[in-house]
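All remarks here apply to the structure that follows.
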Amino acid sequence: MANQRTYYSNSVESAVAQARQELGEETLLVDAGPTGEAERHLGAYAVLVESGSDEPETPTGLSRVHEASSSSSAPGGLDAIQSELSRLSILVGSLTAHSPGFGYVPEMNEVAAQLGASGLPHTLIRQILERVERRLGLRHSPEPATESQIRRGIAAELESMLAVSPGLGGDEGRRRVVAFVGPPGAGKTTTLAKLAMRYGIAGRIPSVIVSTDCYRIAASEQLRAYASILGLPFALAETPGALSRVMVEQRQKDLVFIDTPGFGPRDQDFLDEWSSKLNSHSDIQVYLVLPATARCEDLLAAYRRWALFHPTRLIFTHMDETEFHGGWLGLALTTGLPISCLCFGQGVPEDLEVASKPLLLQLLFGGAARAANA
Ligand SMILES: Nc1nc2c(ncn2[C@@H]2O[C@H](COP(=O)(O)OP(=O)(O)OP(=O)(O)O)[C@@H](O)[C@H]2O)c(=O)[nH]1
Ligand SMILES: [Mg+2]
């Protein structure tokens, strides 16, 4: 008698392997899909398998396939091959259902492949396209949707899922204190200079630039030079304690720009110290600056590391160096944090674009089409 059981694991393959170990090699994969909320702790996938009998493996340890193969009769051999073929076909069906381009209505396949080529994680693509399928009623429609209907559907879903907080955000009439954190070389100092120019100088708002980078030789000199070129006052906070003093001294300034060093993997103590200092000032808005050239997984790892600072907005830099826009958009979608600015080069202040949803969508679709055709 057939015996069905559900296994939970983070991959379909490992669940099937475990089932075969316990129930025998002839165990078939019947169905697989992502787990619901209640079972998520058991694994990402629920995998239903069917073993040939209620009995454990035969005492000799021979599975039915083995017995059949050793028999000289042709029907036994065919049975074994058939059983193996059906197992493989179910496994392929199940695996492809979790890849972009498969399992959607056919007209979605091309756009799914384009989004995949852009670096957008597969789980997000599935989430977006399923919402589009529902929005356009594609499963029950007698007519296939046109490409432009699908693109409009995706744009509408992304518009509702993405958040932007253009520029420096906040109320222009009120004092704003902003700090830039992120991995080494992400572009924190350059972006700070761009924003100081655009909002402090061009907006004629009394501003000050504060460096906290005393860890590397002459690191604060880069920022001091920018401040001098921009004609803005400059202050150095050598230690977390000194930052509180600087904040008091600069309380008359309506815009305070704080730069932080790019703490490396061995600087955990500094990261802890500075994050708790910045967090102790509730008026400081923290911007997480990340390179758009990194893969979504790497950006997520960086986000987890800098989450200590409780960033409230994202800035992506090095946009001019990539056409693959799914990675950084994937991070924004996963974290739910609003995007403030995008930086397209080294030029201060011109290579900075304030984030808007139309710009994000234009980049994703333009880049995705080019990436897919590359
Ligand atoms: N192509 C390109 N280069 C950029 C961009 N933003 C910054 N850069 C360059 O990247 C390099 C590092 O920029 P910084 O602003 O010093 O980066 P940082 O995050 O302050 O670096 P650390 O303080 O060392 O952590 C510099 O050569 C910048 O000119 C950008 O959007 N595009
Ligand atoms: Mg810097």
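The values are calculated or read from the model by the stated rules, or taken from the named source; none is laboratory data. Everything numeric in this text was worked out from a predicted model, so none of it was measured. Neighbour counts are summed over all protein chains in view; Cβ atoms, including those assigned to glycine, are modelled from backbone coordinates with ideal geometry. Heads up: the accessible areas ignore ligands, DNA and RNA and are worked out on the full protein's heavy atoms, side chains in. Shrake-Rupley method; radii C 1.70, N 1.55, O 1.52, S 1.80 Å.
The strands (runs of 3 or more DSSP E) found entirely in segment 244-333 that carry 1 or more residues being more than 18 Å from the chain's Cα centre (by Cα) are 255-259, 284-291. The residue of segment 158-187 that is farthest from ligand 1 (Cβ to nearest atom), among those that are assigned to a helix (DSSP H, G or I) and open to solvent by 10 Å² or more (accessible area, probe 1.4 Å), is SER160. All of ASP272, ASP254, ASP283 fail the test of being more than 30 Å from LEU364 (Cα to Cα), in contact with a Leu (Cβ under 8 Å, 6 or more places away or on another chain), open to solvent by 50 Å² or more (accessible area, probe 1.4 Å) and away from ligand 1 (no atom under 13 Å from the Cβ), apart from ASP272. ASP298 meets all of the listed conditions (1) surrounded by 14 or more Cβ atoms within 10 Å (Cβ to Cβ); (2) within 15 Å of ligand 2 (Cβ to nearest atom) but one, namely (2). Against the conditions (1) closer than 26 Å to GLU273 by Cα; (2) surrounded by fewer than 16 Cβ atoms within 10 Å (Cβ to Cβ); (3) touching a residue at least 24 places away in the same chain (Cβ under 8 Å), TYR303 satisfies every one except (2). Regarding GLY119, is this residue under 22 Å from PRO338 (Cα atoms), away from ligand 2 (no atom under 16 Å from the Cβ), open to solvent by less than 40 Å² (accessible area, probe 1.4 Å) and modelled with pLDDT of 90 or more? Yes; evaluated as a whole, the condition is true for this residue. Of all residues in segment 3-35, which are surrounded by fewer than 16 Cβ atoms within 10 Å (Cβ to Cβ) and at pLDDT 80 or above? ASN3, GLN4, ARG5, GLN21, GLU22, listed by residue number. In summary, ARG139 fulfils each of the numbered conditions (1) open to solvent by 40 Å² or more (accessible area, probe 1.4 Å); (2) without any contact (Cβ under 8 Å) to a residue 12 or more places away in the chain; (3) farther than 30 Å from VAL256 by Cβ with the single exception of condition (2).
Taken over segment 225-242, the residue count meeting the criterion of being out of contact with any strand residue (DSSP E or B) (no Cβ under 7 Å at 6 or more places or on another chain) and modelled with pLDDT of 95 or more is 0. Within segment 259-283, the set of residues being among the charged types (D, E, K, R) and within 25 Å of GLY170 (Cβ to Cβ) comprises ASP259, LYS277, ASP283. Within segment 318-329, residues that are within 14 Å of ligand 1 (Cβ to nearest atom) reach partners that are of a type in the set (Asp, Glu) with beta carbons closer than 9 Å, at six or more positions or on different chains, in the pairs MET319/ASP351; MET319/GLU353; ASP320/ASP351. If you go through segment 177-220 and keep only what is within 11 Å of ligand 2 (Cβ to nearest atom), out of contact with any Cys (no Cβ under 7 Å at 6 or more places or on another chain) and not hydrophobic (A, V, I, L, M, F, W, C), you end up with GLY182, PRO183, PRO184, GLY185, LYS188, THR189, THR190, SER211, THR212, ASP213, TYR215, ARG216.
Taking segment 239-283, which residues are among the acidic types (Asp, Glu), closer than 28 Å to ARG198 by Cβ and within 16 Å of ligand 2 (Cβ to nearest atom)? Matches in segment 239-283: ASP259 only.
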